[in-house]
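S.K.: Pasting in a structure now, in structure tokens, and then I'll have a few things to ask.
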Amino acid sequence: MKILVAAVQMTSEVLDVPSNLQRADDLLRSAYKQGVELAVLPEMFNTGYSLCPDFGPVSETAEGPTITHLRRRSRQWKMGIAAGFVERDGRHLYDSVAFSDSEGNVGIYRKRNLVFWERYRFQPGRAPLVVSTPWGRLGFAICADMIYRKVWEGYRDRIDLAVVAAAWPNFACRDSGRRHWLLGHVGPLSSSIPARVASDLGIPVIFANQCGQTRTIVPLLGTRIEDRFAGLSSICDGRHGEPVRADDEPQLLIAPITLHRSKGPKSWPITSPSAFAESSSASVPS
């Protein structure tokens, strides 16, 4: 089965949810007009990703304005949309991705492998997410999740398509372009890892990363880098052709992928305990 998909590479202003949501909406509208059936937005696209701000005031449940808007667009345009946001569940915050199908049903994945300052702001997720769709089974990861072999071994033979939302930095000075002496090799991995996953699992991978300026603090050393997000979003078609990649500027990356639906468990339960998400679990049968 062939479908047209999009990786939305965008710049997000920190804590400016209305502006970021409008920017994403314009890009999603363009994707819809070009016939896209599945679009992926970056990690924390609506809040922006930055060092240690208080995300509490802009956190949302699955019933919040961001996911409500994306559900409406999914139903209106018959498009699956995956989008990163800061999820609130009681007193806890999570770095999450919500997936809304064409009927507006929602499943939520929580980032399991937190890095750097994230450990001081968010709770880690505890489980994978597999959603059954008309195209096949979708599995989800967020940014640093994708460097852990156990994440992909857990999905092996259980998914037909992988979705990765990210805010992956370049680890290089945005003014001079000089890479950090210790972590400078990490930025380019955002280009190579999705392709390796696609090749290893034999499935397509959609990787949507943020772009634009950011600031990075190197762990333990405390060094601050006036950094940029790496960009380099990609659509990797697994067994069919070379990956299609963006550069480091805002871009709506669109390409066809081929899915080979295989037998096996249709899905696993969604990870969010929110009442709204639980009410949507009929689309994600266990």
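The values are calculated or read from the model by the stated rules, or taken from the named source; none is laboratory data. Values in this document were obtained by computation on a predicted structure and should not be read as measured data. Backbone-built Cβ (ideal geometry, glycine too); neighbour counts: all protein chains shown.
S.K.: Please give the strands (runs of 3 or more DSSP E) falling wholly within segment 80-145 in which 1 or more residues are at pLDDT 95 or above and more than 16 Å from the chain's Cα centre (by Cα).
M.R.: In segment 80-145, the matching strands (runs of 3 or more DSSP E) lie at 80-89, 92-100, 130-133, 136-142.
S.K.: Taking into account only those residues within segment 164-186 that are assigned to a strand (DSSP E or B) and surrounded by fewer than 24 Cβ atoms within 10 Å (Cβ to Cβ), which is modelled with the highest pLDDT?
M.R.: R179
S.K.: Still on this structure: One residue is enough: does segment 265-280 have a residue meeting the conditions hydrophobic (A, V, I, L, M, F, W, C), over 24 Å from A98 (Cα atoms) and at pLDDT below 80?
M.R.: no
S.K.: I would also like to ask the following. Please verify whether V151 is of a type in the set (A, V, I, L, M), loosely packed, with under 15 Cβ neighbours inside 10 Å and either under 16 Å from the mean Cα position of the chain (by Cα) or modelled with pLDDT of 95 or more (or both), treating the condition exactly as stated.
M.R.: Judged against the criteria, V151 is not a match.
S.K.: Is at least one residue of segment 154-173 without any contact (Cβ under 8 Å) to a residue 12 or more places away in the chain and more than 27 Å from R261 (Cβ to Cβ)?
M.R.: no
S.K.: Scan segment 117-135 for residues that are of a type in the set (A, V, I, L, M, F, W, C), surrounded by 18 or more Cβ atoms within 10 Å (Cβ to Cβ) and closer than 20 Å to T61 by Cβ and report the count. Steps first, answer last, please.
M.R.: Filtering segment 117-135 down to residues of a type in the set (A, V, I, L, M, F, W, C) leaves 117, 122, 127, 129-131, 135.
This time we only want the ones that are surrounded by 18 or more Cβ atoms within 10 Å (Cβ to Cβ), so: 122, 129-131, 135.
Within this subset, residues satisfying the condition of being closer than 20 Å to T61 by Cβ are 122, 129, 131.
Residues flagged as of a type in the set (A, V, I, L, M, F, W, C), surrounded by 18 or more Cβ atoms within 10 Å (Cβ to Cβ) and closer than 20 Å to T61 by Cβ within segment 117-135 amount to 3.
S.K.: Here's something else I'd like to know. Can you work out which of the residues in segment 5-46 that are of a type in the set (G, A, S) and not in a loop (DSSP other than H, G, I, E, B) is nearest to P256 (Cα to Cα)?
M.R.: A6
S.K.: Could I ask something else about it? Residues in segment 204-214: is at least one among the polar types (S, T, N, Q), at pLDDT 95 or above and out of contact with any strand residue (DSSP E or B) (no Cβ under 7 Å at 6 or more places or on another chain)? Before you say what the answer is, go through the steps one by one.
M.R.: Residues of segment 204-214 among the polar types (S, T, N, Q): 209-210, 213-214.
Filter again for at pLDDT 95 or above, leaving 209-210.
This time we only want the ones that are out of contact with any strand residue (DSSP E or B) (no Cβ under 7 Å at 6 or more places or on another chain), so: none.
The answer is no, given that none of the residues of segment 204-214 is among the polar types (S, T, N, Q), at pLDDT 95 or above and out of contact with any strand residue (DSSP E or B) (no Cβ under 7 Å at 6 or more places or on another chain).
S.K.: Every residue in segment 16-53 that is over 17 Å from the mean Cα position of the chain (by Cα) and either at pLDDT below 95 or charged (D, E, K, R) (or both), please.
M.R.: Answer for segment 16-53, where residues must be over 17 Å from the mean Cα position of the chain (by Cα) and either at pLDDT below 95 or charged (D, E, K, R) (or both): D16, D26, R29, K33, L51, C52, P53.
S.K.: Would you check if there is a residue in segment 54-65 being surrounded by fewer than 21 Cβ atoms within 10 Å (Cβ to Cβ), over 17 Å from the mean Cα position of the chain (by Cα), at pLDDT 95 or above and of a type in the set (D, E)?
M.R.: Yes, because at least one residue in segment 54-65 is surrounded by fewer than 21 Cβ atoms within 10 Å (Cβ to Cβ), over 17 Å from the mean Cα position of the chain (by Cα), at pLDDT 95 or above and of a type in the set (D, E).
S.K.: Kindly indicate the residue of segment 19-48 that is out of contact with any Phe, Trp or Tyr (no Cβ under 8 Å at 6 or more places or on another chain) and among the hydroxyl-bearing types (S, T, Y) and also surrounded by the most Cβ atoms within 10 Å (Cβ to Cβ) among those meeting that condition.
M.R.: The selected residue is S30.
S.K.: While we're here: Picking from L138, L161, L114, L70, which residue would you name as being surrounded by 19 or more Cβ atoms within 10 Å (Cβ to Cβ), in contact with a Pro (Cβ under 6 Å, 6 or more places away or on another chain) and under 15 Å from A39 (Cβ atoms)?
M.R.: Going through L138, L161, L114, L70 in turn, just one is surrounded by 19 or more Cβ atoms within 10 Å (Cβ to Cβ), in contact with a Pro (Cβ under 6 Å, 6 or more places away or on another chain) and under 15 Å from A39 (Cβ atoms): L161.
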